[in-house]
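Input: a single structure, listed below in structure tokens.
The values are calculated or read from the model by the stated rules, or taken from the named source; none is laboratory data. The structure presented is a predicted model; accordingly, all values stated were derived computationally and were not measured. Quick reminder, even Gly has a Cβ in these numbers, built from the backbone with ideal geometry, and neighbours come from all protein chains shown.
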Amino acid sequence: MAFATEHPVLAHSEYRAVDDIVREGGRFEVVSEFEPAGDQPAAIEDLERRIRAGERDVVLLGATGTGKSATTAWLIERLQRPTLVMA
């Protein structure tokens, strides 16, 4: 078990914006034997258009097993920007 004293604690002012952090590893790339299918290509296009237009809050709704996670991964691959995914 780790205790707080074993890890450095940073004051809020010491955090850096994502743009200030040098990214290593290059582009985000989905590695899968699958390609977008069914409604996924249209959903990816629509979500990408809305996000690039400046819409800040975008929600992807779908029933269990419809490929929401995969659709989100393909969207992140296209946007190449930091993303918070809440599941």
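Residues being more than 16 Å from Arg49 (Cβ to Cβ) and crowded, with 17+ Cβ neighbours inside 10 Å: count how many of those fall in segment 71-87. Qualifying residue count for the region: 1. With respect to the conditions (1) in contact with a helix residue (DSSP H, G or I) (Cβ under 9 Å, 6 or more places away or on another chain); (2) at pLDDT 90 or above; (3) not small (Gly, Ala, Ser); (4) not in a helix (DSSP H, G or I), Leu47 lacks only one, and its number is (4).
All but one of (1) in a loop (DSSP other than H, G, I, E, B); (2) within 15 Å of Phe28 (Cβ to Cβ); (3) touching a residue at least 12 places away in the same chain (Cβ under 8 Å) hold for Thr83, so report the exception by its number. Evaluating Thr83 over (1) in a loop (DSSP other than H, G, I, E, B); (2) within 15 Å of Phe28 (Cβ to Cβ); (3) touching a residue at least 12 places away in the same chain (Cβ under 8 Å) leaves (3) as the failure.
If the condition is being of a type outside the set (Lys, Arg) and closer than 17 Å to Thr83 by Cα, then segment 26-42 contributes Gly26, Phe28, Glu29, Val30.
Among the residues in segment 56-67, are any free of Cβ contacts under 8 Å to residues at least 60 places away in the same chain, small (Gly, Ala, Ser) and either surrounded by 10 or more Cβ atoms within 10 Å (Cβ to Cβ) or assigned to a helix (DSSP H, G or I) (or both)? There is at least one residue in segment 56-67 that is free of Cβ contacts under 8 Å to residues at least 60 places away in the same chain, small (Gly, Ala, Ser) and either surrounded by 10 or more Cβ atoms within 10 Å (Cβ to Cβ) or assigned to a helix (DSSP H, G or I) (or both).
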